[in-house]
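Undergrad: Here's a structure for you.
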Amino acid sequence: MDVPPDNPTDARLSRIVRLLSDNATVLISGTRVAEELGTTRSEVWRAVQQLRDLGVQITGHPSTGYQLESVPDLLLPEVLGPMLSGTIFAPHIHHYFRLGSTNMTAMQSAATGEPEGAVFLAEQQIAGRGRGANSWESAQSLGIYCSVVLRPNCSPGDALLLSLIAGIAVAEAVEQTTGLHPDLRWPNDVLLDGRKFCGILTEMNAEATRVRYVVIGIGINVNHPSFSGELEPIATSLRMESGREWSRVELTAALLRSLGNEYRKLAEGGGPARSSILQRFAERSSFVRSRHVHVDEGGGYEGVTEGLDDRGFLLVRTKAGLRTVFSGMVRALDGK
Amino acid sequence: MNQKEIKELIELLVEKDITEFELERGDMKVHVKRGSTAAPVVPLAPAVAGVQPFPVATATPTPPSSATPQAGPGRTSAPPAPSPESEAASDADLFIVKSPIVGTYYEAASPGTPPFVKVGDAVKEGQVLGIIEAMKLMNEIEAEVSGVIARMFVPNGSPVEYGMPLFGIRRQ
């Protein structure tokens with residue numbers, strides 16, 4: 001049976017790309033690559049063929065040496081690691097060319113002891129997960145499909161704020177990298193021009209008073225040229241909003257730096273950190289106040305948003321009084 | 001063919017958009033048919049099939065199927081009919097699994113998939129019993145002890161408070 005290759009990327013592939021990227025203008029002999037990797041020339045040839053199959057453009061052959069035609073925008077540990085130095089995410093980056101779901105793999109790894117800060121990245125997901133039964137179809141190397149393992153030392157209730165900081169981190173990273181100004185739809189859809197380009201799904205394993213681990217999964221549409229069908233009116237990508245392609249490597253690095261920063265503040269900060277998160281979320285989100293929305297919870301209802309409570313839940317003024325949104329999807333009824 | 005292989009087979013059929021498949025091997029026969037009624041297999045299909053060439057995600061098209069059906073009361077086996085006093089009396093020695101957060105209780109990983117557990121199931125410590133969702137954070141509720149599920153206190157899709165009893169486990 002044709003089982004999807006859910007194996008992590010062979011570290012040698014990542015090192016070859018790094019080596020060729022560092023020497024982008026010259027041919028590197030097969031012998032030198034083999035020496036650097038501590039392997040044989042024929043193994044190098046096989047690895048180069050594998051990289052070509054995966055879409056990396058490498059010219060040359062064993063007798064001439066190898067050269068990258070262009071530096072590939074792949075989220076390889078050897079490339080990302082140095083850009084994340086000083087963050088909790090630098091030491092444990094796991095890259096897959098093709099994976100069922102980064103969240104599922106991250107949850108399974110966390111259950112068997114994967115440390116805090118581990119990052120799981122896939123060029124392509126074939127069973128990306130969203131909330132409930134929603135799928136997140138993830139085309140190869142057009143988007144960012146990233147899950148991180150965290151082990152916060154806090155109560156499960158406080159860990160809910162991770163859902164909000166993930167959205168804030170995406171918005172910050174996109175703003176820094178592209179200059180675009182995303183909106184946040186509570187709790188953490190990230191929108192441009194009213195359309196969603198980033199979805200976040202957080203999964204937690206906790207006891208009554210203690211969090212064992214949390215996995216935050218982030219999917220970002222980066223270089224998708226268009227969407228069709230039922231997604232067309234509701235989905236967008238950074239490319240579609242800005243008219244140009246963006247480096248996924250730069251964006252991923254910015255995202256993880258921003259997320260690491262937010263997480264550190266939350267972990268260190270206590271009460272003030274919590275209110276700072278709620279305040280910054282409110283500043284970045286048009287949905288926190290005065291939006292006419294439909295809430296898909298408790299049978300469905302409409303109302304006008306009236307801020308966040310101190311736990312981060314959205315408050316909605318309805319005809320029947322003020323209601324608290326715990327988990328429902330919120331949809332705008334007043335335009336974008 | 002074990003459950004994992006069947007699951008992989010179904011995923012492959014969905015991925016390749018194959019609607020019907022039959023396999024005979026020795027005394028075993030597998031017949032999978034995907035179609036409008038094959039709910040358990042389809043969840044992935046609408047988004048994948050409907051969308052080309054670079055489908056992405058979706059959050060929005062599916063919510064009706066994700067949130068509504070589950071939220072609707074009575075769709076699934078609500079907690080078992082509370083049984084006579086004799087049972088209630090013996091509840092005292094049950095291990096009670098409580099909700100660690102405020103949120104919405106789900107008995108299955110996603111709509112259309114079977115519940116994690118039902119009354120009478122033997123469970124092992126660490127086994128996932130259900131999910132509480134709040135702020136798009138899915139909290140896996142684990143059995144803190146091994147035993148048999150004696151009570152399920154909360155119907156699928158209903159709101160739960162912090163500390164609310166979710167399951168009663170009879171230790172063995």
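Coordinate-derived values only; no laboratory data. Computed from a predicted model, the values in this text were never measured in an experiment. With ideal geometry, Cβ positions are generated from the backbone for all residues, glycine too; neighbour counts draw on all protein chains shown.
Undergrad: Per-residue ellipticity at 222 nm for chain A, helices alone: DSSP H runs ≥ 4 residues times -39500 (n - 2.57), over residue total, nearest 500 deg cm²/dmol?
TA: Roughly -10500 deg cm²/dmol at 222 nm, from the helical runs in chain A.
Undergrad: Would you kindly calculate the translational diffusion coefficient of the range A:1-118, applying Stokes-Einstein with the Kirkwood radius from alpha carbon pairs, for 4 °C and a viscosity of 1.567 mPa s, and quote it in µm² s⁻¹ without decimals?
TA: Value of D from the Cα-based Kirkwood radius: 83 µm²/s.
Undergrad: Let me ask another. With labels modelled as points extended 7 Å from the Cα through the Cβ direction, what inter-label distance (nm, one decimal) is found for A:GLN57 paired with B:SER158?
TA: 6.1 nm
Undergrad: Under 18 Å from a label point 7 Å along Cα→Cβ of B:ASP93: give me every residue in the range B:157-172 with its amide N that close.
TA: Residues passing the 18 Å test: B:168-172.
Undergrad: How large is the dipole of chain A about the Cα centre if only Lys and Arg carry +1 and Asp and Glu carry -1, each at its Cβ, rounded to the nearest 20 debye?
TA: Approximately 420 debye in magnitude.
Undergrad: Could I ask something else about it? What residue among A:GLN108, A:PRO8, A:PRO182 has its Cα farthest toward the positive end of the dipole of chain A, where the charges are +1 on Lys, Arg and -1 on Asp, Glu, each on the Cβ?
TA: It is A:PRO182, whose Cα lies furthest towards the positive end.
Undergrad: Sticking with this structure for a sec: Test of understanding: given chain A, find the longest segment containing no GluC sites (Glu not before Pro) that are in a DSSP loop and have at most 15 other Cβ atoms within 10 Å.
TA: Counting at most 15 other Cβ atoms within 10 Å as exposed, the longest clean stretch of chain A is A:70-206.
Undergrad: Output the 0 to 90 degree angle, nearest 10, between the alpha-carbon long axis of helix A:161-178 and the longest principal axis computed from the alpha carbons of chain A.
TA: In chain A, helix A:161-178 runs at an angle near 60 degrees to the longest axis.
Undergrad: Report, in whole Å, the centroid distance computed from the Cα atoms of the range A:50-74 and the range B:123-172.
TA: 51 Å
Undergrad: Another one. Is any residue of the range B:98-122 close enough, with backbone N under 18 Å, to a label point placed 7 angstrom from the Cα of A:ASP310 along the Cα-Cβ axis, and if so, which?
TA: Within reach of a label on A:ASP310: B:102.
Undergrad: For A:ALA11 and A:THR324 in the same chain, what is the full-extension length gain: residue separation times 0.36 nm, less their Cα-Cα distance, in nm?
TA: 107.9 nm
Undergrad: I'd like the trypsin sites (Lys or Arg not before Pro) in the range A:218-261 restricted to DSSP loop residues with at most 13 other Cβ atoms within 10 Å, sorted by number.
TA: A:ARG244
Undergrad: Need one number: nm distance between label points at A:ALA24 and A:HIS181, each 7 Å from Cα along Cα→Cβ, rounded to one decimal.
TA: Going from the A:ALA24 label point to the A:HIS181 one covers 3.3 nm.
Undergrad: Show the residues, 5+ positions off or on another chain, whose built amide H is closer than 5 Å to the amide H of B:PHE167.
TA: So B:PHE167 has HN proximity to B:VAL97, B:PHE153.
Undergrad: Okay, next question. So for the range A:136-210, averaging the separation of alpha carbon pairs under 8 Å that are six or more residues apart and normalising by length, what relative contact order in percent results?
TA: 27 percent
Undergrad: A further question follows. Which whole-number percentage describes the relative contact order of chain A, with Cα contacts under 8 Å and a sequence gap of 6 or more?
TA: RCO, chain A: 13 percent.
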